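Structure first, commentary second.
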Amino acid sequence: MITQENPAASTTRTAGSSRHGAPAPVRSESQRVAAELDRLIGPAAAGDDRAVTDIVRIVQPLVRRYCAARLGSGGNLQVTADDVAQEICLATVQAIPRYRDQGKSFLAFVYGISANKVADVFRRPAQQATYPVPDFPDRPSTLPGPEEMALAAEQRHATFELMQILAPAHREVLVMRLMLGWTAAQTAEAIGTSPGVVRVMQHRALNKLRARLEQAELLPECA
């Protein structure tokens with residue numbers, strides 16, 4: 001006689017254990033995101049518009065946080081984190097038909113695009129945009145003034161220049177680990193490596209930055 005399996009029991013076993021009763025590995029949020037993107041990229045590259053839409057929906061908040069960490073809360077006088085995130089999403093959509101699996105997750109591919117777009121922002125010439133207003137405001141503005149904006153821009157530029165001594169992969173590790181607050185596992189999933197390698201890269205990058213800063217402090221004394 002054929003008996004029907006209890007759906008609830010089946011669901012419980014699938015969610016909490018493997019076929020042989022062993023506990024299923026618990027995946028981090030970044031691993032789930034990467035797996036979902038890897039599932040969608042095939043149909044998207046084949047022309048499935050819904051899959052493309054789902055990819056943009058998933059990556060937009062991720063790259064928005066990444067851009068905010070790289071550009072700072074004030075962003076640029078003319079370019080904001082939202083602007084750059086939109087550019088990244090557009091570049092991602094344009095790249096989908098040409099995407100080929102090279103052994104890394106699609107999430108790592110998206111962060112590669114993000115790193116290039118943010119670097120482009122820092123390479124753009126600084127230009128002050130002016131916007132005419134009909135009247136003086138009734139209340140004082142709480143927004144940063146010209147001096148604060150200039151100091152923030154100078155700090156961003158100095159940080160950018162300092163980070164240029166690092167290899168691109170090391171820069172990305174520091175941004176994800178220190179600015180975004182990601183774990184080594186999340187960072188490893190994003191750039192397509194292992195948590196152990198991420199920790200080594202972070203250690204070496206920080207040591208290199210520390211050595212450069214110490215050297216810069218000694219230069220005035222030697223001059």
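The values are calculated or read from the model by the stated rules, or taken from the named source; none is laboratory data. These numbers come from a predicted model, not from an experiment. All Cβ positions, glycine included, derive from the backbone under ideal geometry; neighbour counts span all protein chains shown.
Being under 13 Å from the mean Cα position of the chain (by Cα) and buried (at least 18 other Cβ atoms within 10 Å of the Cβ) is the requirement here; does Val173 meet it? Break it down stepwise before answering.
Working: under 13 Å from the mean Cα position of the chain (by Cα): yes; buried (at least 18 other Cβ atoms within 10 Å of the Cβ): yes.
It is true that Val173 is under 13 Å from the mean Cα position of the chain (by Cα) and buried (at least 18 other Cβ atoms within 10 Å of the Cβ).
Residue count for the range 197-223, restricted to those that are over 21 Å from Phe106 (Cα atoms), modelled with pLDDT of 80 or more and not acidic (Asp, Glu): 16. All conditions in (1) modelled with pLDDT under 80; (2) within 13 Å of the chain's Cα centre (by Cα) hold for Gly74, with the sole exception of (2).
Taken over the range 109-135, residues that are in a helix (DSSP H, G or I) and either surrounded by 10 or more Cβ atoms within 10 Å (Cβ to Cβ) or modelled with pLDDT of 85 or more (or both) amount to 14.
Against the criterion of being surrounded by 19 or more Cβ atoms within 10 Å (Cβ to Cβ) and without any contact (Cβ under 8 Å) to a residue 60 or more places away in the chain, Ala188 qualifies.
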